[in-house]
Amino acid sequence: MEQAQQIIRMSVQRALAIITAREAELGALDAHAGDGDHGSTMARGLRAANEAVAAADDGQSPGQLLMTAGNAFSDAAGGASGALYGMFMLTVGQRLDPTACDVRSVHDALAAGLEIISRLGKAKPGDKTMVDALSPFVDALGRAGEQGAGLATAWNEALPAAEAGADATAQMMARRGRSARLGERSIGHVDPGARSMLYLLQAVGEALEIVGLAG
Ligand code: ADP
Ligand code: MG
């Protein structure tokens, strides 16, 4: 259990590190599609999430820690992605099984998180949003789990599906969010939220390897 808490803490730390390094890139992608704030929004949200998780007491379960991070993220980040990522983290935290951290239970929690994003944002795969990175990842994680892989292995085996999904948004026309106003002019650039979703999933993959090696 302690190891699972460490994975959440390390994931939030790695997410902040990766997003900070990619802040300008995400801002530039959002400048093509929307208002250019996606990098700074994500960095602000993750700084707040890190502070909240660092201040959380050791008694919090992994799911509670993720909910703490999600609340802090949405309060600090604002915008569409603040609300969507915040609810995503809250929902996954709520659904995480407090007694198991196997691939199946993590997959089911993530699937619930995907569902809440799709419901709140009314986004389907192909609409050029963060869903286009998350949805293929959830499917790939499920498949890797069925083949008996452990969580760290399954997670990292599923990452190329998220990367392919994020890359594929370059050819899509935006149908949700601010960039939908661009219509066909939105084609040609990767969706910033799909790219940031990939980075967050990569951060968790790193955390699983770091904590797994230590533990
Ligand atoms: P804002 O659009 O408020 O400036 P951000 O720039 O931080 O917010 O985030 C934009 C990203 O949020 C988009 O690239 C997209 O991936 C995601 N997004 C926006 N609206 C939706 C939606 N309705 N459903 C799913 N994702 C969305
Ligand atoms: Mg924006």
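The values are calculated or read from the model by the stated rules, or taken from the named source; none is laboratory data. Owing to the predicted nature of the structure, the values given are computational and were not obtained by experimental measurement. Neighbour counts are summed over all protein chains in view; Cβ atoms, including those assigned to glycine, are modelled from backbone coordinates with ideal geometry.
If you filter segment 142-181 down to residues that are touching a Ser or Thr at 6+ places or on another chain (Cβ under 6 Å) and in contact (Cβ under 8 Å) with a residue 60 or more places away in the chain, you find that the one that is nearest to Gly79 (Cα to Cα) is Ser179. Restricting to segment 170-200, and then to whatever is more than 10 Å from ligand 1 (Cβ to nearest atom) and in contact with an Asp or Glu (Cβ under 9 Å, 6 or more places away or on another chain), can you tell me which residue is nearest to Leu16 (Cα to Cα)? Checking each candidate, the answer is Leu198.
Taken over segment 182-215, the criterion of being at pLDDT below 95 and touching a Gly at 6+ places or on another chain (Cβ under 9 Å) is satisfied by Leu182, Gly212. Considering every residue within segment 85-94, establish whether at least one is in contact (Cβ under 8 Å) with a residue 24 or more places away in the chain and farther than 24 Å from Gly142 by Cβ. The answer is yes, given that some residue of segment 85-94 is in contact (Cβ under 8 Å) with a residue 24 or more places away in the chain and farther than 24 Å from Gly142 by Cβ.
Regarding segment 34-51, can at least one residue be identified that is over 17 Å from Tyr199 (Cα atoms), away from ligand 2 (no atom under 16 Å from the Cβ) and surrounded by fewer than 24 Cβ atoms within 10 Å (Cβ to Cβ)? Yes, segment 34-51 contains a residue that is over 17 Å from Tyr199 (Cα atoms), away from ligand 2 (no atom under 16 Å from the Cβ) and surrounded by fewer than 24 Cβ atoms within 10 Å (Cβ to Cβ).
For segment 13-22, indicate whether the set of residues that are within 15 Å of ligand 2 (Cβ to nearest atom), crowded, with 22+ Cβ neighbours inside 10 Å and of a type outside the set (Val, Ile, Thr) is non-empty. No, segment 13-22 has no match at all. So, in segment 120-157, exactly how many residues are on the phi > 0 side of the Ramachandran plot and within 16 Å of ligand 1 (Cβ to nearest atom)? Total meeting the criteria: 3. Restricting Gly165, Gly183 to residues that are on the phi > 0 side of the Ramachandran plot and either in contact with a Leu (Cβ under 7 Å, 6 or more places away or on another chain) or away from ligand 2 (no atom under 16 Å from the Cβ) (or both) narrows the list to Gly183.
Can you say whether Ala207 is within 18 Å of Ile19 (Cβ to Cβ) and surrounded by fewer than 23 Cβ atoms within 10 Å (Cβ to Cβ), as far as the supplied structure shows?
On the way: within 18 Å of Ile19 (Cβ to Cβ): yes; surrounded by fewer than 23 Cβ atoms within 10 Å (Cβ to Cβ): yes.
So Ala207 fits the description; yes.
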